[in-house]
1. Looking for whichever is in contact with a Ser or Thr (Cβ under 8 Å, 6 or more places away or on another chain) and part of a helix (DSSP H, G or I) here; the options are E154, E167. Which one fits?
2. Given the conditions (1) farther than 16 Å from I220 by Cα; (2) touching a His at 6+ places or on another chain (Cβ under 8 Å); (3) aliphatic (A, V, I, L, M), which single one is not true for A272?
3. For the range 225-237, check the following and say yes or no: at least one residue is of a type outside the set (A, V, I, L, M, F, W, C), surrounded by 21 or more Cβ atoms within 10 Å (Cβ to Cβ), in a helix (DSSP H, G or I) and in contact (Cβ under 8 Å) with a residue 24 or more places away in the chain.
4. Examine the range 151-164 for a residue that is out of contact with any strand residue (DSSP E or B) (no Cβ under 6 Å at 6 or more places or on another chain), more than 22 Å from I31 (Cβ to Cβ) and crowded, with 16+ Cβ neighbours inside 10 Å, and state whether such a residue exists.
5. Determine whether the range 190-206 contains at least one residue that is closer than 30 Å to A263 by Cβ, assigned to a helix (DSSP H, G or I) and in contact (Cβ under 8 Å) with a residue 24 or more places away in the chain.
6. Mind counting the residues in the range 42-58 that are closer than 22 Å to V82 by Cα and surrounded by fewer than 18 Cβ atoms within 10 Å (Cβ to Cβ)?
7. Check whether at least one residue in the range 235-244 is under 25 Å from the mean Cα position of the chain (by Cα) and under 23 Å from R204 (Cα atoms), and report yes or no.
8. Looking at the range 64-82 only, could you name the residues that are surrounded by fewer than 18 Cβ atoms within 10 Å (Cβ to Cβ) and under 19 Å from T49 (Cα atoms)?
Amino acid sequence: MSHPDSTSLTHDGLDHEELFPIREVSRLTGINPVTLRAWERRYGLIQPTRTESGHRLYSRADIDEVRSILGWIERGVAVSKVGRILAKSHSLKEQVAEPQATGAANDWAQCQAQIRQAVTAFDERRLEQAYGQIFASYPQVVVFQDILMPVWQELRVAHDGFGRVSEWLFLDGFLRARVAQRLQRARDQQEVSVVLAAIPGQCRELELLVAALMLGTSEIAVSVLALGQPVEELSLVCERMAPHALVLFSNHPPAADLPKRLARLAMTLDCALLFAGEASDLAQDTLIHSQIACLGSEGRLMRRRLQQYLAGHLDS
């Protein structure tokens, strides 16, 4: 839906793209215009288009970038360091991204609009209907990675009015229940078992559950440990569950001592230790000579790398 203040440009490949003035971006994201200008001027984090009169206009991709910046700041990253993290994250995702047709992206946006409308109305029946229609049209990885989780993330960092926290909680609860159901149904017949655990405090439950969906296959069963699982007790858990691999998950920037911590954990395990999530994208260079494989954060890549690793590990 167009906004009264939105504008369309007809040059530089931006034909018909909806653009938003800074006050609308501020309303949508909760970040005041002074901060948005500082992120641009001081840190180069956003590069909005300018009109002939010099007014800033932001694309939907720019707004998504603002929300991504907010997400990293929320995780404790200084704004001065966010630029480097975003640049590396974008570079890694571009290496594995599949080409997206404009038509597909537009279809996804329409699906997201239906989800937002149902959430705004707190209408679970309508949300269930939209959820079912999306699954009937797209594969699981697209449904969660490209359609549902961006809306969840958008609502999670939104600060633009009364009721937004309630909307996020409504969608979060709905999706956690549906993902848990899918995981339960998928655990019936697989022969290869994998345990997935989060580094405490470094992701939300839905992010961990969706990662489990992305990793699981008809041959690989993924068991998810509860949030707050102590890392130092994972050796005991794995000894009793006897998985083929333990996948540690984090969406926070990796600490400097992470490689040493993972190496110590690996020494206590009788199974392989793998690392996944946005942190694994950022830690890949520091773990390249270790025995700990990084699975990444993109759904298709995580699954492919897990399958390749397990195939080699089980054959050896």
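1. The unique qualifying residue is E167.
2. (1)
3. Taking the range 225-237 first, the residues of a type outside the set (A, V, I, L, M, F, W, C) are 228-230, 232-233, 235.
Subset that is surrounded by 21 or more Cβ atoms within 10 Å (Cβ to Cβ): none.
Scanning the range 225-237 turns up no residue that is of a type outside the set (A, V, I, L, M, F, W, C), surrounded by 21 or more Cβ atoms within 10 Å (Cβ to Cβ), in a helix (DSSP H, G or I) and in contact (Cβ under 8 Å) with a residue 24 or more places away in the chain.
4. Filtering the range 151-164 down to residues out of contact with any strand residue (DSSP E or B) (no Cβ under 6 Å at 6 or more places or on another chain) leaves 151-164.
Applying the additional criterion that residues be more than 22 Å from I31 (Cβ to Cβ) yields none.
No, the conditions are met nowhere in the range 151-164.
5. Yes - at least one qualifying residue is present in the range 190-206.
6. Residues meeting the conditions: 5.
7. We begin by selecting, within the range 235-244, every residue under 25 Å from the mean Cα position of the chain (by Cα); these are none.
No, there is no match, as no residue in the range 235-244 is under 25 Å from the mean Cα position of the chain (by Cα) and under 23 Å from R204 (Cα atoms).
8. Across the range 64-82, the qualifying residue is only D64.
The values are calculated or read from the model by the stated rules, or taken from the named source; none is laboratory data. Note that this is a predicted model, so its numbers are computed, not measured. Neighbour counts run over all protein chains shown; Cβ positions are idealised from the backbone, glycine included.
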